[in-house]
Amino acid sequence: MDKVDSIIARARHWQLFVVMLLPMVVAYSLYFPSMSLDPVTNPEQSFALLEDSFIKMMLVSLFGYMLLYLWIWVIGRVCNSSLPRISRRKDGLFNFSVPFALCYLPIATIAFPKLVATEGAHWSAALIIPLHIAASFMLFYAMIFAARSVASLGQNRRAGFGRSFLFFMGIMYFPIGVWIIQPCLNAAFADTQSRRQVPGPG
């Protein structure tokens, strides 16, 4: 994970913006228009096309979403570890939440569109819906943790709600937030690396 931390934490804001957003834009432009078939006039074909197009759209955009989740993880890990020890938050649940959401993402890519496109109840709902709720909760928690960690940089105490909320919105609306948050992540990573290279007393 240290190598992933290093790659993402060193990346420039425009690089992450392009690499995260491009797969999503390509997927949306290629497959979303085909999802507009009228389900009333042709229900069977409409549901089949909806399922197929949704899965393809999610598969094409999967790399962008996985990078987004990893970015959130790296923000929390790097920024929290660069804080003074007294200001750090316990990261046990955080380090579980993002891998859980990452593991669920490919499952959701295949299973959730089938569930949405299926008429009536389906047995898979009993498994997918609880997993979806759990993954959404974990991702939401990870975003809060990452926002609080980056907001606390340069502070002598943990950042309050107001400052953390701005960074939370920056993570949620990442095409805008990456331009603000990534330079903070770059600086936190550089600071962490410089402290590791300082030799101890001798």
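Taken together, the values in this text are just the output of simple stated rules run on the coordinates, not laboratory data. Owing to the predicted nature of the structure, the values given are computational and were not obtained by experimental measurement. We place every Cβ from the backbone using ideal geometry, glycine too, and count neighbours over all the protein chains shown.
Worth a mention:
- Under 5 Å, built H, 5+ apart or other chain: amide partners of Arg158: none
- Each residue of the range 177-188 was assigned a 3J(HN,Hα) from its phi angle through the Karplus curve 6.51 cos²θ - 1.76 cosθ + 1.60 (θ = phi - 60°); the sequence is x, 4, 6, 9, 7, 4, x, 5, 5, 4, 5, 5 Hz, with glycine and proline shown as x.
- If you plug the beta carbon distance of Ile176 and Ile7 into 1/(1 + (r/R0)^6) with R0 = 25 Å, you get a FRET efficiency near 0.65.
- Sorting the segments 127-139, 76-88 by their residues' average number of neighbouring beta-carbon atoms within 10 angstrom, most packed first, yields 76-88, 127-139.
- Take the Cβ atoms of Leu30 and Met66, set R0 to 25 Å, and the FRET efficiency comes out at 0.85.
- Residues in the range 67-83 reached by a label modelled at Lys90 [backbone nitrogen below 18 Å; 7 Å Cα→Cβ]: 77, 80-81
- Using θ = phi - 60° and Karplus 6.51 cos²θ - 1.76 cosθ + 1.60, couplings along the range 13-23 (whole Hz; Gly, Pro as x): 4, 5, 5, 5, 4, 5, 5, 6, 7, 4, x
- Per-residue Karplus couplings for the range 72-85, computed as 6.51 cos²θ - 1.76 cosθ + 1.60 with θ equal to phi - 60°, are listed in order as 4, 4, 5, 4, x, 5, 5, 5, 5, 6, 8, 6, x, 3 Hz, Gly and Pro entered as x.
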